[in-house]
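Scroll down for the structure; my scribbles are underneath it.
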Amino acid sequence: MRLIEVRDLQKVYRVGVETIRALNGVDLRIERNDFIAIMGSSGSGKSTLMNMLGCLDRPTSGTYLLNGKDVSHMGAAELARVRNEEIGFVFQSFELLPRQTALENVELPLVYAKGGWRDRRPRALAALALVGLSDRVHHRPNQLSGGQRQRVAIARAILNRPSILLADEPTGNLDSATTVEILAIFRKLHDDGQTIIIVTHEDEVAAHCDRVVRLRDGKVISDLPILEDSAGRHRGGSGAKGSLEHGALGAC
Amino acid sequence: MLNPLFWYQAIALAFSQIWANKSRAFLTALGIIVGVASTTSVIAALTGLKSKVLTQFESVGASKVFIFPNRPDDKPRNLYPWEKVRLKIEEARALRDECESIRAITPITEVGLEVEAGDRKIEGLSVTGIWPDWHEIQNRSVTSGRPFTNIDESNERQVCLVNDDAIKELHLPTDAVGQFINLGGRRFLIVGVIETVQSRFFGLNTSSAEIFIPFSVAEKFQPRDYFLRIEALLKSPELADEGTAEMRWILRKARGIPAGDTESFQVEAIDRFIQQFKTLAAGITAIAGGIVGISLLVGGIGIMNIMLVSVSERTREIGLRKAVGATPNAILLQFLLEAITLCLVGGFVGLACGRLIAYGLTKIPDAQLDEANIPLWAVVLAFAFSAGTGLIFGMFPAIKAARLDPIEALRHE
């Protein structure tokens, strides 16, 4: 059973008299432990696709099977449950609650979970340790750097051991050195078995992934692995960019 | 279902929101605070007054009955001339002789007389004519000398009783028994001194110079159609209904009022007054309830307003909570809990203010409010109303928050 199976996904918005096809028949298969970048220029439909994959929105038509379960027709409450159990979000602007400590921010998903709230402390501490923030547990977001904030957000995203870690431009607000740090964390999580989807428009970020899906005008125009033999695993260097060009761009 | 952590964090969050926006929360809750404070203090004052008045009624005697003339309102005046309406001494005698349920009875009449003691002279002092039973009915005995006897009455003896205030006013020696004073030009012997009762009734000080003479003597000072009222003591307070019915029957018979005709007199047991007062107090309490209703309505609109502001300020937070798995119900509940918490804190502060005011009331001299306190039911009600206000007026903003689209909310600036 595939982790994600998307078939002929359509999303149509009506703005006044105009009809916008944000997604126009997307097919996508994602296996467990995939590390995927979804790319595309603005208006390509990548944000809409992310919202669909993240169960934040429902498609106009088509099916989305997550863990074999059809989530395309679920109600708001059911989708919330799915998000809580299956999906961890990482946002561009971190979205941490300003008055809560790093630990409390990380614990947030358990507030809405069915179980697991009893051992929230050790779990949250373990998640923070995993992102290397054991020494910042009781700091508030405004006492943390941008990279540290994003690491708190990642710890929050992985707390419920989600099926998918869904990151929307996770390095968009970070400098290049911090970007490398964050991407290294993603790589480590991936090596531990985490399925990761990164939505980005930056080639350097996409180069750290194993597979790149490109969208244009609401359609998948390419879906290719980044070849390991030509790129190796040297992250953050110019070689990554080169591999991307040879692999993904060359195909379209 | 929502886990305990949710409840804990929702309530903790509600308090931290109040704490983070202290002045805003205070201004918002002001309506609730003022409403609860004013209502609880009014109820406190009323409760104090009620217990005070009821004790006073009881000290007067729960088995006391008052009889006075009463011209029917719905009948033409000329059918009920004063001569027909006024109580007569024969009627008092009839009651004394025939009524089984009374233990003591006295007619009371007051006459303004010129009083002379030595070279001291007071015009128009009120002198009260009574039967000896008066001592028992009023529960007032003499501190020195002797009370009135039936011989004083039947022999129309020119004797009188005075109280301490009268002794002071008339510059009589402290032990006035055996002294003579002139009342309306006649010479009276003071046979006893009556204690001045500091009985304040509704703040009215009834203690002043008092002089009592036998009723039969007072009658001689009065014009032909003078006013008299009757006070009686029932054998027990339980006889209130039976006793008053019996007295009315005797009086109707004496006056020849046919069955079904309106009575030209009134017989009231003190029991009735207690009931009337309780009704009045309940009415005022209901009005106070109405006031709290209005002030909570006003306060509630403030709460709704600030909760709407809070929802729009925290749109991104709501979006995030939804993204990590908060269901619409969880968001609804969280904002409701916030509104209710805010109202309950307001109610608590209001109650504290109400208690302070109630305490202040007890310190006002002569205000009859020294027993003012907020009864438990008012405390419970204040909290229930506050929580209800939060629930009702928090509902709209909470629904708004719950219905937010997570994508839109996360995009909100």
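The values are calculated or read from the model by the stated rules, or taken from the named source; none is laboratory data. Keep in mind it's a predicted model, so treat the numbers as computed, not measured. In this analysis, Cβ positions are derived from the backbone assuming ideal geometry, glycine residues included, and neighbour counts consider all displayed protein chains.
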1 or more residues of a type in the set (S, T, Y) and at pLDDT 90 or above: qualifying strands (runs of 3 or more DSSP E) within segment B:41-132: B:102-117, B:120-130
Given (1) within 18 Å of B:R411 (Cα to Cα); (2) in contact with a helix residue (DSSP H, G or I) (Cβ under 7 Å, 6 or more places away or on another chain); (3) surrounded by 21 or more Cβ atoms within 10 Å (Cβ to Cβ), number of the condition A:L97 does not satisfy: (3)
Any hit, segment B:47-60, residues being on the phi < 0 side of the Ramachandran plot and within 13 Å of chain A (Cβ to nearest Cβ): no
Test result for A:L159, under 21 Å from the mean Cα position of the chain (by Cα), within 13 Å of another protein chain (Cβ to nearest Cβ) and either closer than 19 Å to B:N3 by Cα or surrounded by fewer than 17 Cβ atoms within 10 Å (Cβ to Cβ) (or both): yes
Filter result (more than 19 Å from B:P328 (Cβ to Cβ) and within 14 Å of chain B (Cβ to nearest Cβ)) within segment A:67-94: A:G88, A:V90, A:F91, A:Q92, A:S93, A:F94
Given (1) part of a loop (DSSP other than H, G, I, E, B); (2) more than 10 Å from every other protein chain (Cβ to nearest Cβ), number of the condition A:L97 does not satisfy: (2)
Residue within segment B:148-157 that is modelled with pLDDT under 90, surrounded by 14 or more Cβ atoms within 10 Å (Cβ to Cβ) and farther than 30 Å from B:L49 by Cβ present: no
Verdict on B:E238 being closer than 17 Å to B:E91 by Cβ and of a type in the set (D, E, K, R): no
Output for segment A:100-111, where each listed residue is more than 9 Å from chain B (Cβ to nearest Cβ) and crowded, with 21+ Cβ neighbours inside 10 Å: A:A102, A:N105, A:V106
Scope segment B:314-350; condition surrounded by 22 or more Cβ atoms within 10 Å (Cβ to Cβ), farther than 17 Å from B:P397 by Cβ and either among the aliphatic types (A, V, I, L, M) or within 14 Å of another protein chain (Cβ to nearest Cβ) (or both); matching residues: B:L320, B:A323, B:V324, B:G325, B:T327
Count of segment B:17-26 residues which are surrounded by 14 or more Cβ atoms within 10 Å (Cβ to Cβ) and of a type outside the set (F, W, Y): 5
